[in-house]
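Below is one structure, written out as structure tokens; comments come after it.
The values are calculated or read from the model by the stated rules, or taken from the named source; none is laboratory data. All of these numbers come straight from a predicted model, not from anything done at the bench. For neighbour counting, all protein chains shown are included, and Cβ atoms are generated from backbone atoms with ideal geometry for every residue, glycine included.
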Amino acid sequence: MLVFTILLAWVQVGNQDFISKFQNLLENYSLPSSKMAIVIFGSLGTFLTVVALNNSFLVFLHLFVPITIFSFIFYYLFFQFNNRLSNKETYSKSNFLKEKESILKQKCSIDPNRKQEIFNVLKEHYPKFLSSRKKHLKTLKDKQIDYCKPAWFAVAPTKSVLNSRLILGFQNNGCSYRGKDGIGCYFCGFYASVAFKKKPTNDELFEQFNKVLDKVHTNEFDVLEFGNDGSFLCDKEFQASFRKSIYARISAELNIKRLLIESRLEFITEEKIAKIIEYFRQDQKLEIGIGLESRNDFVREVCLNKGIKINKFENKIKTLSKF
Ligand code: SF4
């Protein structure tokens, strides 16, 4: 008993390395270590008290083991349930740390100490960042939104025959990548200008497009850009049927020579590109913007949270070059 108590005290106060390994182990199973530690040490406390009162080793078998096992099961179930209730898309802290930590170990031009320093700041501030972003998103849900009006639009200079392009940001349900942890790319503030209460219907989205065309002179620009939050080629954001009706209108009625869309890598497929080209006239071109942000994995994934693997990016470029 004495040995056990000393060992416990050593673990608690003396051996930080052991404690952090223990925390990592718990985090690997998606269990918040501080709360789990309360359960474990609470059970131990109960056991030690009962042993002191009864002075019997049998109590260990009869009380401590069931209490500990029950605490583990109860806490695990409670945590899972609570987690599901609070946010179905909660990005598990353990995954987050594992992903970022593996990048930390890769060699690159940035000094390893500096990388560790940045990683520590991220580790410390990420939960606060996550909760403040979630609070902000909740306040945005109360915004009154007219789903038939675009989030924004502008006619801006560009390199083309008419030197002008129309940029349109749809009032939509926002970037699907943000859904992973409620944050998405750390630097992105687009989320603040899009709809949250519901997904606009195809008709509402098309109405947004028509409203903008009614307000501008269609012969003033020959480039059209969809500069909204997220990915134009993501089916959850813009359904395939909606995209087709847009391509059909551009090809049949508008003097557009170039269409610019933005999309995350994972939504760009040969099939989708072929579909656009099938609709387009001979004099129309497609341009796709993909935000890579940095070639350095550490900068891209740890500092910016871009969620794009460089080899996937290069493969996608090869695929696109076929067209
Ligand atoms: S993928 Fe684009 S829209 Fe989505 S969070 Fe990142 S920068 Fe913002």
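I'd like the full set of residues that are closer than 19 Å to Phe242 by Cβ and in contact with a strand residue (DSSP E or B) (Cβ under 9 Å, 6 or more places away or on another chain), limited to the range 172-194.
Val194, the sole residue that qualifies.
Within the range 212-224, is there a residue that is under 22 Å from Lys149 (Cβ atoms), in a strand (DSSP E or B) and either in contact with a strand residue (DSSP E or B) (Cβ under 7 Å, 6 or more places away or on another chain) or of a type outside the set (Ser, Thr, Tyr) (or both)?
yes
Quick one: in the range 252-269, which of the residues that are within 19 Å of Thr319 (Cβ to Cβ) and more than 16 Å from the ligand (Cβ to nearest atom) is surrounded by the fewest Cβ atoms within 10 Å (Cβ to Cβ)?
Thr269
Is the range 243-256 home to any residue that is under 25 Å from the mean Cα position of the chain (by Cα) and either under 18 Å from Leu205 (Cβ atoms) or part of a helix (DSSP H, G or I) (or both)?
Yes - at least one qualifying residue is present in the range 243-256.
To keep it simple, each residue is scored yes or no on (1) under 25 Å from the mean Cα position of the chain (by Cα); (2) among the acidic types (Asp, Glu); (3) surrounded by fewer than 22 Cβ atoms within 10 Å (Cβ to Cβ); (4) within 15 Å of the ligand (Cβ to nearest atom).
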position: Leu205; (1), (2), (3), (4): yes, no, no, no
position: Lys215; (1), (2), (3), (4): no, no, yes, no
position: Thr218; (1), (2), (3), (4): no, no, yes, no
position: Cys234; (1), (2), (3), (4): yes, no, yes, yes
position: Lys272; (1), (2), (3), (4): yes, no, yes, no
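With respect to Phe170, is the statement that it is surrounded by 16 or more Cβ atoms within 10 Å (Cβ to Cβ) and either farther than 18 Å from Phe238 by Cα or not β-branched (Val, Ile, Thr) (or both) true?
Taking the combined requirement at face value, the residue satisfies it.
If Gly182 satisfies all but one of (1) more than 16 Å from the ligand (Cβ to nearest atom); (2) over 29 Å from Ser160 (Cβ atoms), what's the number of the condition it fails?
Condition (1) is where Gly182 drops out.
For the structure I just gave you, tell me whether Thr319 is of a type in the set (S, T, N, Q) and either out of contact with any helix residue (DSSP H, G or I) (no Cβ under 8 Å at 6 or more places or on another chain) or closer than 27 Å to Gly189 by Cβ (or both).
Taking the combined requirement at face value, the residue does not satisfy it.
Out of (1) surrounded by fewer than 16 Cβ atoms within 10 Å (Cβ to Cβ); (2) within 16 Å of the ligand (Cβ to nearest atom); (3) not in a loop (DSSP other than H, G, I, E, B), what's the single condition that is false for Tyr177?
Just one mismatch for Tyr177, condition (1).
Consider Asn311 carefully, then state whether it is in the same structural domain as Arg178 (by TED's automatic domain parsing), under 21 Å from the mean Cα position of the chain (by Cα), surrounded by fewer than 16 Cβ atoms within 10 Å (Cβ to Cβ) and more than 16 Å from the ligand (Cβ to nearest atom).
Yes.
So that you can scan it fast, the table gives a plain yes or no per residue for (1) free of Cβ contacts under 8 Å to residues at least 40 places away in the same chain; (2) part of a loop (DSSP other than H, G, I, E, B); (3) more than 15 Å from the ligand (Cβ to nearest atom):
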{"residue": "Ser131", "(1), (2), (3)": "yes, no, yes"}
{"residue": "Leu137", "(1), (2), (3)": "no, no, no"}
{"residue": "Lys143", "(1), (2), (3)": "no, yes, yes"}
{"residue": "Asp146", "(1), (2), (3)": "yes, yes, yes"}
{"residue": "Pro150", "(1), (2), (3)": "no, yes, yes"}
{"residue": "Leu166", "(1), (2), (3)": "no, no, yes"}
{"residue": "Asn172", "(1), (2), (3)": "no, yes, no"}
{"residue": "Phe187", "(1), (2), (3)": "no, yes, no"}
{"residue": "Tyr191", "(1), (2), (3)": "no, no, no"}
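Taking Tyr247 as the residue in question, decide whether it is over 24 Å from Ile273 (Cβ atoms) and among the hydroxyl-bearing types (Ser, Thr, Tyr).
no
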